[in-house]
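Here's the structure we're looking at; comments come further down.
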Amino acid sequence: MYSKEYFNKEFEKNKIEEKINDPFNLKYHISPITGWLNDPNGLCHLDGTYHIYYQADPLHAIRKNIIWGHVTTKDFINYKYHEPFIFADTNIDKVGAYSGSAFIKDNKINFFYTGNVKYPGNYDYINDGRDHNTIKIVSEDGFTYHKKELILSNDDYPKDLTRHVRDPKIYEEDGNYYLFLGARDKNNKGKVIVYRSNDLEKFAYHMEITTNYDFGYMWECPDFFELDGKKFLMVSPQGLESEEFKYQNIYQSGYFPIDVDLKAKTYSFGEFVELDYGFDFYAPQTFEDEKGRRILIGWMGMPDASYTNPTVKNNWQHALTLPRELKVSDNKLLQKPIKEIENLINKKIEIRKNENYFYQTFEFISEDIDGEFEIYLRSDAKLTYKDQILSLKLGECGYGRCERKIRIEKIDDISIYSDTSSVEIFINNGQYVMTSRVYGEKNLFKSDIIGTLYEMDAIKWNL
Ligand code: FRU
């Protein structure tokens, strides 16, 4: 496993040059200097600094050994890469410091994450052969900690569960701390289990939350929060069957509006809503910042997908989405890139219909849309709205990504954020979103509806 000493400044300096020269290097998204990235982890805001951790394997572009990578920013314009934060260096997390979250109390960050342990042998690694430990770390600054504390292990989890129990998230209500874990039970039903504590030290089993109908075999990365007086349970379910307009990826991410009385252990679900309809969005996590905003960041990737990323040959893979502020309207979550992203706007261009524009990074906004449209986001990446269907079709630039569709009765507005090798498309005030990696040679933009195009600056990285 990786030792801390390995990740010194020299290592990063040597590698960052290579990364900057990669034509697909993202200009205003977080991606690793080297190696692999998956889920965002431990998102929090302490004393003016945003800490963004993520599942990382800095030495392999295709994951092997997972630890927590770490970047910080105060303004979402200037960023810093740091040494990895959690190493897989104890008996309770020796095959990976898996996903987890942060909870700030008394100005200290309480991290809860999953320690992955796999035993060599002939196991199915579902019912046998692995441990998923819930581990706690307390840090005053987000950079250092003294010890890893085992909070719960598979012996503590309910007996009807498989060994897959992971990705802790804390929610506080009325002086109680509820710890949510994603789980797969022995009947292959996905669910969330909830523990309760009044000191963040001792946790007692409280309840399980699941649908009374089949909804996948595993729920990864749960999140639970209240916004505008409404409660939401976010999960990333695995095992849903694909339909023409639903669940088009191998795995999903979305939320249930949920009416829940945690104390009384009662709940009723609203219908599951997908957070994103693009090819590359998974394992999102939210947090509340010091300004009181609920911000979501997702992994701009998809595990076990058939499509690929050509960045692998340049020794890195995957990225995080733009940070998005969540708002509630009509029991639905709306997503919108946080306001700070506007500070990246460089040049404003009022575009003409059907004319070619070439910008490496841009934002396109069109409001008061009335009717159908066709927008080229690359020479072979086309977004069309026709017969109430929004379709994103990629050719070669998709590296195996073909088409994703959403049925939308009427489109009023659209804003598209395009980086060197990604697009994030927000429809109707962020009610529908499509996120995808896309690898075009030249970033052609052409639209048959008018709107405003903004050239975007890059975020700034410091080592
Ligand atoms: C989601 C996930 C989590 C797990 C982590 C491991 O992508 O599978 O459930 O903790 O990734 O990297």
Out of Asn249, Asn315, Asn309, I need the residue that is touching a Ser or Thr at 6+ places or on another chain (Cβ under 9 Å) and at pLDDT below 95. Which one?
Asn315
Just checking, which of Ile126, Ile62, Ile104, Ile52 is surrounded by 19 or more Cβ atoms within 10 Å (Cβ to Cβ) and not small (Gly, Ala, Ser)?
Ile52
Taking the condition closer than 28 Å to Ile104 by Cα, in contact (Cβ under 8 Å) with a residue 24 or more places away in the chain and among the charged types (D, E, K, R), does Arg166 pass?
yes
Please work out which residue is nearest to the chain's Cα centre (by Cα), limiting yourself to region 201-224 and to residues that are among the hydrophobic types (A, V, I, L, M, F, W, C) and surrounded by fewer than 18 Cβ atoms within 10 Å (Cβ to Cβ).
Met207
Looking at region 411-418, can you tell me whether even one residue there is over 22 Å from Leu333 (Cβ atoms) and modelled with pLDDT of 95 or more?
yes
Residues of region 279-299 that turn out to be more than 12 Å from the ligand (Cβ to nearest atom) and assigned to a strand (DSSP E or B), as a count
7
Does any residue in region 176-188 that is at negative phi come within less than 9 Å, Cβ to Cβ, of a residue that is of a type in the set (Phe, Trp, Tyr) and outside any strand (DSSP E or B) six or more places away or on a different chain, and which pairs are these?
Tyr177/Phe203; Leu179/Phe203; Leu181/Tyr157; Ala183/Tyr157; Arg184/Tyr217; Asp185/Tyr217; Asn187/Tyr217
Regarding region 230-248, can at least one residue be identified that is touching an Asp or Glu at 6+ places or on another chain (Cβ under 6 Å) and assigned to a loop (DSSP other than H, G, I, E, B)?
no
Pairs, first surrounded by fewer than 17 Cβ atoms within 10 Å (Cβ to Cβ) in region 394-406, second part of a strand (DSSP E or B) and among the small types (Gly, Ala, Ser), C-beta under 9 Å, six or more apart:
Gly395/Ala381; Glu403/Ser391
Filter region 110-123 for residues that are more than 13 Å from the ligand (Cβ to nearest atom) and in contact (Cβ under 8 Å) with a residue 40 or more places away in the chain; which is surrounded by the most Cβ atoms within 10 Å (Cβ to Cβ)?
Phe111
When Thr384 is evaluated against the numbered criteria (1) touching a strand residue (DSSP E or B) at 6+ places or on another chain (Cβ under 7 Å); (2) assigned to a loop (DSSP other than H, G, I, E, B); (3) without any contact (Cβ under 8 Å) to a residue 60 or more places away in the chain, which criterion, by number, is the only one it fails?
(2)
Within region 85-99, residues away from the ligand (no atom under 11 Å from the Cβ) and in a strand (DSSP E or B) come out as Phe85, Ile86
Can you tell me which condition Arg63 does not meet? The list is (1) assigned to a strand (DSSP E or B); (2) within 11 Å of the ligand (Cβ to nearest atom); (3) among the basic types (Lys, Arg), and all the others hold.
(1)
Qualifying residue in region 161-183 (condition: within 16 Å of the ligand (Cβ to nearest atom), at pLDDT 95 or above and part of a loop (DSSP other than H, G, I, E, B)):
no
State all residues of region 229-253 that are of a type in the set (S, T, N, Q), free of Cβ contacts under 8 Å to residues at least 60 places away in the same chain and more than 16 Å from the ligand (Cβ to nearest atom); if no residue qualifies, say none.
Ser242
Of all residues in region 249-277, which are assigned to a strand (DSSP E or B) and surrounded by 15 or more Cβ atoms within 10 Å (Cβ to Cβ)?
Tyr251, Gly254, Tyr255, Phe256, Pro257, Ile258, Val260, Tyr267, Phe269, Val273, Glu274
I'd like to check something: does region 100-109 contain any residue that is within 16 Å of the ligand (Cβ to nearest atom), β-branched (Val, Ile, Thr) and within 24 Å of Thr134 (Cβ to Cβ)?
no
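The values are calculated or read from the model by the stated rules, or taken from the named source; none is laboratory data. Quantities reported herein were computed from a predicted structural model and do not represent experimental measurements. Neighbour counts are summed over all protein chains in view; Cβ atoms, including those assigned to glycine, are modelled from backbone coordinates with ideal geometry.
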